[in-house]
Amino acid sequence: MPNGNVTLLESVKDSSDKLRRGVVETIIQESSPLQRLPQVPIMGNAYKIDVEGDIIEPDFRDVNEGYTAKWASDRETYWGVAILGVEVKVDNFIVNTRGDKRSTKARMFAKAAKGAAHKYNKWFFDGTGTAKDFKGLNALIEDGHGQQFTTGVNGGAITLEGLDEAHDLLRTGEADQILSSRRVRRAITNLGRNLANGYSMIDVGDNEFGKQVLRWNGIEIGIVGDDPSGNLILDNDETVGTSTACSSLYFLRYGEDHVHGIMGANGHMDVRDFGETEAAPEHLGRMEFYPGLVVADQYAVVRYAGITD
């Protein structure tokens, strides 16, 4: 991966490794967060930044009066990476009877890449940093690294006013992406469709991957689907007040000073085809990378929580 702040897709545009490029492109297609999330390559297993604390408040003064010296404060914060990978095995029977060895292996690596994308999507939101994983958005927001807007004491239906209010908490500027489940996206579509008067700021267009996407206020709504087990990641399984069937959507502002990923080993994604093994009649491959998540500004991510049917 080149030095600097680039997306995962941009990191392999000039790669001559077709297998690695194919794996990355499959992951991107399956992961709305990774389509836009910029990545900062790091060496080692941690990334240190100074998060802004107290600012300096100037004073008014009279003539011949001095100022009281003041100090600002920053907070050193360390962000870690996890190890995410899988070994791919293909039986010799499949390799030898399908005719095209390269495409047979490529299909297996594509399945592994799809699983890695779904695994990353799950932990992007639900990671705790305590189970070999990296800390995800929900835990980071609970730790004070983001904002939360809750619709009602016991949750409630999503509204255009609620979207406005939640987005206003994003003080770093307009969001680059909204992440949502399909169900909540349908609810937003219905809000625009059923608006009697006025301008709903909801429209439909294509993104750079040729997919049709819904936009609110010009901001693309990225869909978060299933985890590797086939369960919805942003399901109606959150509790707000007395309601136990709530879900959330997320506003994110991306950038090195806002929300970005980190990739260990200087951003390298290791994709290898070892060929046939001696230990068993099979071909072996491995895919592994070292992802992490950084929220460098507490006003760069907002969780709109408590959304019910």
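So for the range 102-260, what percent of the C-alpha to C-alpha distances run longer than 20 Å?
Working: 7226 of 12561 pairs.
Beyond 20 Å sits 58 percent of the P(r) for the range 102-260.
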Built amide H within the under 5 Å cut-off of H258, gap 5+: A296
Separation between the D168 and E288 pseudo-spin-labels, each 7 Å from Cα along Cα→Cβ, expressed in nm? 5.0 nm
Accessible surface of the chain [probe 1.4 Å, protein heavy atoms]: carbon and sulfur percent: 46 percent
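Figure the gain on full extension for A131 and A245 (residue separation times 0.36 nm, minus the Cα-Cα span) and round it to one decimal in nm. Let's see the in-between values first.
Numbers: separation 114, 0.36 × 114 = 41.04 nm, distance 2.57 nm.
Once the chain is fully extended between A131 and A245, it gains 38.5 nm.
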R182 accessible area, 1.4 Å probe, all protein chains in place, Å² to nearest 10: 120 Å²
Cα extents of the range 81-178 per principal axis, largest first, Å, are 60, 31, 29
Cleavage-rule hits, GluC sites (Glu not before Pro), the range 146-248, DSSP coil, Cβ neighbours within 10 Å at most 13: E174, E208
Quick one: what are the phi-derived ³J(HN,Hα) couplings along the range 241-257, Karplus 6.51/-1.76/1.60 with θ = phi - 60°, whole Hz, x for glycine and proline? x, 8, 8, 10, 10, 10, 9, 9, 10, 9, 9, 10, 10, 9, x, 5, 9
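May I ask you to rank R183, R102 by accessible area, largest first, using a 1.4 Å probe over the protein chains only?
Details: R183 55, R102 200 Å².
Final ranking, largest accessible area leading: R102, R183.
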When ligands, DNA and RNA are left out and all protein chains stay put, how many square angstrom of accessible area per residue does the chain have with a 1.4 Å probe? 52 Å²
In a Gaussian network model over the chain where Cα atoms closer than 10 Å are linked, find which of D206, D297, D237 has the largest mean-square fluctuation. D206
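Between A69 and E161, what FRET efficiency follows from the Cβ-Cβ distance if R0 is 41 Å, with the result rounded to 0.05? List each step's numbers first, then the result.
Details: r = 45 Å, r/R0 = 1.09.
Using R0 = 41 Å, I get an efficiency of 0.35.
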Sort all Cα-Cα distances of the chain into consecutive 10 angstrom bins from zero, then give the percent of pairs in each bin up to the one containing the longest distance. 6, 24, 29, 21, 12, 6, 2, 1, 0, 0
Could you give the size of the charge dipole of the range 108-240 about its Cα centre, using +1 on the Cβ of each K and R and -1 on the Cβ of each D and E, expressed in debye and rounded to the nearest 20? 560 debye
Against the globular-protein guess of 2.2 N^0.38 Å, express the Cα radius of gyration of the range 1-114 as a ratio, rounded to two decimals. 1.88
Binning at 5 angstrom from zero up to the longest distance, how are the C-alpha pair distances of the range 174-304 distributed in percent? 2, 8, 12, 14, 16, 16, 11, 7, 5, 5, 2, 1, 0, 0, 0
5 Å is the cut-off here: which amide hydrogens, built 1.01 Å from N in the peptide plane, fall below it relative to A245, excluding neighbours closer than 5 in sequence? V240
Accessible area, probe 1.4 Å, largest first, for residues T128, T244: T244, T128
Entries of K18/K101; K18/K114; K18/K119; K105/K211; K89/K114 with Cα pairs more than 21 Å apart: K18/K119; K105/K211
Along the range 73-81, what does the Karplus equation 6.51 cos²θ - 1.76 cosθ + 1.60 (θ = phi - 60°) give for ³J(HN,Hα), rounded to whole Hz, x for Gly and Pro? 9, 10, 10, 6, 10, 10, 10, x, 10
The simple spin-label model distance between A46 and N92, using points 7 Å out along Cα→Cβ, in nm, is 4.8 nm
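Restricting to DSSP loop positions (anything but H, G, I, E, B) with no more than 11 other Cβ atoms inside 10 Å of their own Cβ, which GluC sites (Glu not before Pro) remain in the range 61-134?
Numbers: sites: E65, E76, E87; in loops: E65.
Answer in residue order: E65.
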Ordered by residue, what ³J(HN,Hα) values in Hz, to whole numbers, does the range 46-62 give under the Karplus form 6.51 cos²θ - 1.76 cosθ + 1.60, where θ = phi - 60° and Gly and Pro are x? 8, 10, 10, 9, 9, 8, 4, x, 6, 8, 9, 9, x, 10, 7, 9, 8
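The values are calculated or read from the model by the stated rules, or taken from the named source; none is laboratory data. Because the structure is a prediction, the values reported are computed rather than measured. For neighbour counting, all protein chains shown are included, and Cβ atoms are generated from backbone atoms with ideal geometry for every residue, glycine included. Just so you know, the surface numbers come from the protein's heavy atoms only, side chains and all, with ligands and any DNA or RNA stripped out. Shrake-Rupley method; radii C 1.70, N 1.55, O 1.52, S 1.80 Å.
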